1. Looking at (1) touching a strand residue (DSSP E or B) at 6+ places or on another chain (Cβ under 6 Å); (2) more than 17 Å from residue 129 (Cα to Cα), which is the one condition that is false for residue 263?
2. In the range 302-333, what count of residues is obtained for those that are over 15 Å from residue 284 (Cα atoms) and outside any helix (DSSP H, G or I)?
3. Going by the conditions given, is residue 269 basic (Lys, Arg) and crowded, with 18+ Cβ neighbours inside 10 Å?
4. Residue by residue through the range 173-198, note down the ones that are in contact with a helix residue (DSSP H, G or I) (Cβ under 8 Å, 6 or more places away or on another chain) and modelled with pLDDT of 95 or more.
5. Quick check, is residue 16 in contact (Cβ under 8 Å) with a residue 24 or more places away in the chain and part of a loop (DSSP other than H, G, I, E, B)?
6. Looking at 302, 294, 249, which is the one that is over 19 Å from the mean Cα position of the chain (by Cα) and either surrounded by 15 or more Cβ atoms within 10 Å (Cβ to Cβ) or under 20 Å from residue 114 (Cα atoms) (or both)?
7. Considering only the range 71-81, I want to know if a residue exists there that is under 30 Å from residue 340 (Cβ atoms) and under 20 Å from the mean Cα position of the chain (by Cα).
8. Here are the criteria: (1) surrounded by 23 or more Cβ atoms within 10 Å (Cβ to Cβ); (2) among the acidic types (Asp, Glu); (3) out of contact with any helix residue (DSSP H, G or I) (no Cβ under 6 Å at 6 or more places or on another chain). Tell me which single one residue 206 does not satisfy.
Amino acid sequence: MAEIDSLLKLMADRGSSDLHLKVGSPPAIRLNARLVVLRDLPSLSPDATKTLALGMMDERQRQSFENHREIDFAYSVSGIGRFRVNVFHQRGSVGMTLRRVSTTRSSIEDLGLPSVVRQLADEPRGLVLVTGTAGSGKTTTLAAMIDHINHTRDGHIVTIEDPIEVLHQDDKCIINQREIGIDTDSYADALRHVVRQDPDVVLIGEMRDHETVSAALTAAEIGNLVFSTLHTIDATETINRIIDFFPPYQQKQIRLMLASTLKGIVSLRLIPSINGGLTPAVEVLVMTGTVREYILDPEQTYKIRDAMEEGEYYGMQTFDKSLLAMYQQGKITLDDAIAMAANAHDFKIKVRQLGVAPEQAAQSGIY
């Protein structure tokens, strides 16, 4: 696999997050959120991409790919790193995307996350969700939270992932990491049995359907601390998405379970940093009596954003508040902050109240 390994080394050397291989095009990498085609490399042939893909798989994975036409798995290269691989078919040929997973441990503080994230990791029980679009830092954030628990308290951590991305070593905790397709058939099967494995903390790689959500809520309800992810853009959408997994006749019960188990939601967006690279904008919802009431009442769920605006005492913040602070600290440009704001008009008003340089204001359309 020298050829794929050399591409992965090139990707790692350039500090990119993803490698894309597609028939008829040269390899492409994602660098600081932008896709860059490596035009100095030759275009890939159908045989080349298929050979590269199958060469990374074991026999079980090849059979699964043959049966299902797509597959996720992890791939490691000594001295280069660990990668999450998705191989798929498109227009009769094989394509793939490889994402680099950090093998170095970053603390919650190192990642630039607010201190309330550490407080959520210290919860003894309940449900904590980390959300965001693909590539927003969910995996890295969860790894930092699990690492914090592993170094600060005794317990048994069980992770259920598809595939396993970040490898953890036992410290104060015993950590068992289970991979879908190798150690268990599905999230639902693993969650059905996890309560008999005496866990203190359960990490579910992704809540994909109502069965997984229901099992996660049940695991949190009986006293475990449960972490999981959703591909949602903010805290309010996350709550609505969980409820919408279920038919209307079950939604009242799900609201009750969610209100009693949810401890917090951390939503992430990566923003280009003035100093290079990407930096996270973070929205945080923390469960309070007011938030609980808004979850229980379908007519008031939309008010959760208002509770977050007013919940600074509890560590809550909206994306716009996070962006405003990052702009004030000189971490991001005004244009990038406005582009990522939930409400650009309201954000401009807040910036205007702070006062900005006239030239910046003119360029960004604030005045």
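The values are calculated or read from the model by the stated rules, or taken from the named source; none is laboratory data. Everything numeric in this text was worked out from a predicted model, so none of it was measured. Cβ: placed from backbone, ideal geometry, glycine included. Neighbour counts: every protein chain shown.
1. Of (1) touching a strand residue (DSSP E or B) at 6+ places or on another chain (Cβ under 6 Å); (2) more than 17 Å from residue 129 (Cα to Cα), only one is false for residue 263: (2).
2. Result for the range 302-333: 5.
3. Working: basic (Lys, Arg): yes; crowded, with 18+ Cβ neighbours inside 10 Å: yes.
The answer is yes for residue 269.
4. Once the filter is applied, which keeps residues that are in contact with a helix residue (DSSP H, G or I) (Cβ under 8 Å, 6 or more places away or on another chain) and modelled with pLDDT of 95 or more, the range 173-198 yields 173, 175, 176, 178.
5. Yes: the conditions hold for residue 16.
6. Values: 302 fails: either surrounded by 15 or more Cβ atoms within 10 Å (Cβ to Cβ) or under 20 Å from residue 114 (Cα atoms) (or both); 249 fails: either surrounded by 15 or more Cβ atoms within 10 Å (Cβ to Cβ) or under 20 Å from residue 114 (Cα atoms) (or both).
Selected residue: 294, the only one of 302, 294, 249 that is over 19 Å from the mean Cα position of the chain (by Cα) and either surrounded by 15 or more Cβ atoms within 10 Å (Cβ to Cβ) or under 20 Å from residue 114 (Cα atoms) (or both).
7. Let us first name the residues in the range 71-81 that are under 30 Å from residue 340 (Cβ atoms), namely 72, 81.
Checking which are under 20 Å from the mean Cα position of the chain (by Cα) leaves us with 72, 81.
Yes, the conditions are met somewhere in the range 71-81.
8. Condition not satisfied by residue 206: (1).
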